[in-house]
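Only the coordinates and a few stated rules stand behind these numbers; no lab work does. Bear in mind that the values here come from a model prediction, so they are computed numbers and not experimental data. Quick reminder, even Gly has a Cβ in these numbers, built from the backbone with ideal geometry, and neighbours come from all protein chains shown.
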Amino acid sequence: MKVEKILELIEKLHWDTPQKVQEQAMKELTHMDDKYIYLLIFPNIGSDCWANAALVLKKIAYPRIKLVIPYLLEWIDDMNCPGALTIFELLLTVETKVLIPHIELLVSMSPNYYIEDNYGLERFIGKKNLKRDDFIQKDLYDKMKRLFSVV
């Protein structure tokens, strides 16, 4: 599928689009080439299509979404963001050993933001039941444990 077609289908994910058109667009988008999956991350046509974009990503599923995991972790920064709960559920299906390097990189790149202000990440770590032994950088886990209530 060409990029132009993918972008056209993403525009049809807008929640004001007739339901059948949205559903058909979501179905077609699940067949896109993996190298274009990133186009579903916060599509720049507005937040009105993010919830449906998240549903498409969930249907595409892991391991196909492996390359966009860092962006999916950022998506759950704000659990009120359209599609965040769907992305949260999708990330729960990813193997712990795959997630840990992405979580560690995210937290180590901006430790104050991701540790002090990220309830989505805090909630995710608790729900995924990530433990100190899962982490490569034990000091990051220790820091998160001091600041998070669920770790």
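Note on Lys128: lysines with a C-alpha under 23 Å away, same-chain residues under 8 apart excluded, are Lys58, Lys59, Lys66, Lys97, Lys138, Lys143, Lys145.
Taking the Cα centre of the chain as origin and charging only Cβ (+1 Lys, Arg; -1 Asp, Glu), how large is the dipole, in debye to the nearest 20? Could you put the intermediate results ahead of the total?
Numbers: 20 positive and 22 negative charges, 108 e Å.
Roughly 520 debye, rounded to the nearest 20.
Overall form of the range 1-50: oblate. Here a/c, set by the Cα gyration tensor axes a ≥ b ≥ c, is 1.5 or more, and a/b is not larger than b/c. Which of the listed residues, Trp75, Gln24, Ile65, is farthest toward the dipole's positive end in the chain, when Lys, Arg count +1 and Asp, Glu count -1 at the beta-carbon? Going by the charge dipole, the pick is Ile65.
Sequentially through the range 25-39, phi angles give Karplus couplings (6.51, -1.76, 1.60; θ = phi - 60°) of 4, 4, 4, 5, 5, 5, 9, 5, 5, 4, 5, 9, 4, 4, 5 Hz, Gly and Pro residues having no value and appearing as x.
When the helix-only estimate is applied to the chain (DSSP H runs of n ≥ 4, each -39,500 (n - 2.57), divided by the residue count), what is the mean residue ellipticity at 222 nm, nearest 500 deg cm²/dmol? Before the final figure, lay out each step's value.
Working: 9 runs with 87 residues, N = 151.
Counting only the DSSP helices, I get -16500 deg cm²/dmol.
Comparing Cα centroids, the range 59-87 and the range 9-55 end up 14 angstrom apart.
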